[in-house]
Amino acid sequence: MTSPLPSSPYASVLDLAPVVPVVVIEDASDAVPLARALVAGGLPAIEVTLRTPVALEAIRAIADGVPGAVVGAGTVVTPEQVTRCVEAGARFLVSPGWTDVLLTAMRASGVPFLPGVSTVSEVVALLERGVREMKFFPAQAAGGTAYLKSLAGPLPQARFCPTGGIGPANAPEYLALPNVGCVGGTWMLPADAVAARDWDRIEGLARAASGLRDAGGTCR
């Protein structure tokens, strides 16, 4: 990730909050109240995944209607998606993996980006290209905290947002690592709460998630 967040005192998405909610929105009308609940709970960085037909509409609604949110797009896998997401108002981009073509498009977008990695070679390749902040995915399946600990020694300049298989029980262990800036997860967005539009419950879960860094001790 090479550029600062627009209109933000933070240099990186990784520094906004300990947890980035990974949001799948099925109904565009839920986007604004859901985002408001997350922001009120202390989680301003919100990754809306491109897994539903209304994802771009949801990104646009959050960008326009929730001033405290830093909305981003996840599951970005093509240059065309990069363009469309930024046009919709995405302020950061997240991909599950990367290619040189995708990386070039994300770099040219002018917004911060987190390309996905799961191997040492992918991390080294990104460092060669000047990218130091990455998504580690799928975190648990790819080796979890033990793997990230092993990377910290030879590659201390790389920082990660681990995502995949992370919940409130193991998030503090990730957040305690020196090369982890934040984690991504969905546990503060239980399907039944979203279906019931129980925004108060989601706000409470977000508030608990926003305090998880303290639960893991000093991480940097």
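The values are calculated or read from the model by the stated rules, or taken from the named source; none is laboratory data. Computed from a predicted model, the values in this text were never measured in an experiment. FYI the Cβ positions are ideal-geometry reconstructions off the backbone, even for glycines, and counts take in every protein chain you see.
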Residue among 179, 170 that is over 29 Å from residue 104 (Cα atoms), without any contact (Cβ under 8 Å) to a residue 60 or more places away in the chain and of a type outside the set (Lys, Arg): 170
Within segment 1-110, helices (runs of 4 or more DSSP H) holding 3 or more residues that are more than 28 Å from residue 142 (Cβ to Cβ): 31-40, 55-65, 79-88
Complete set of residues in segment 145-191 that are part of a strand (DSSP E or B) and either modelled with pLDDT under 95 or of a type in the set (Lys, Arg) (or both): 159
Pairs, first without any contact (Cβ under 8 Å) to a residue 12 or more places away in the chain in segment 73-97, second charged (D, E, K, R) and assigned to a helix (DSSP H, G or I), C-beta under 9 Å, six or more apart: 87/60
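Give me the residue from segment 192-210 that is assigned to a loop (DSSP other than H, G, I, E, B) and free of Cβ contacts under 8 Å to residues at least 40 places away in the same chain and, out of that set, nearest to residue 148 (Cα to Cα).
Only one residue tops the list, namely 198.
For (1) over 25 Å from residue 44 (Cβ atoms); (2) surrounded by fewer than 24 Cβ atoms within 10 Å (Cβ to Cβ), each residue gets a yes or a no:
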| position | (1), (2) |
| --- | --- |
| 107 | no, yes |
| 129 | yes, yes |
| 138 | no, yes |
| 149 | yes, yes |
| 161 | no, no |
| 173 | no, yes |
| 189 | no, yes |
| 193 | no, yes |
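In segment 48-64, is there at least one residue being within 30 Å of residue 157 (Cα to Cα) and surrounded by 24 or more Cβ atoms within 10 Å (Cβ to Cβ)?
Yes, the conditions are met somewhere in segment 48-64.
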Count of segment 20-41 residues which are surrounded by fewer than 17 Cβ atoms within 10 Å (Cβ to Cβ) and either under 26 Å from residue 160 (Cβ atoms) or free of Cβ contacts under 8 Å to residues at least 12 places away in the same chain (or both): 1
Residue match in segment 44-64 (condition: of a type outside the set (Val, Ile, Thr) and farther than 15 Å from residue 28 by Cα): yes
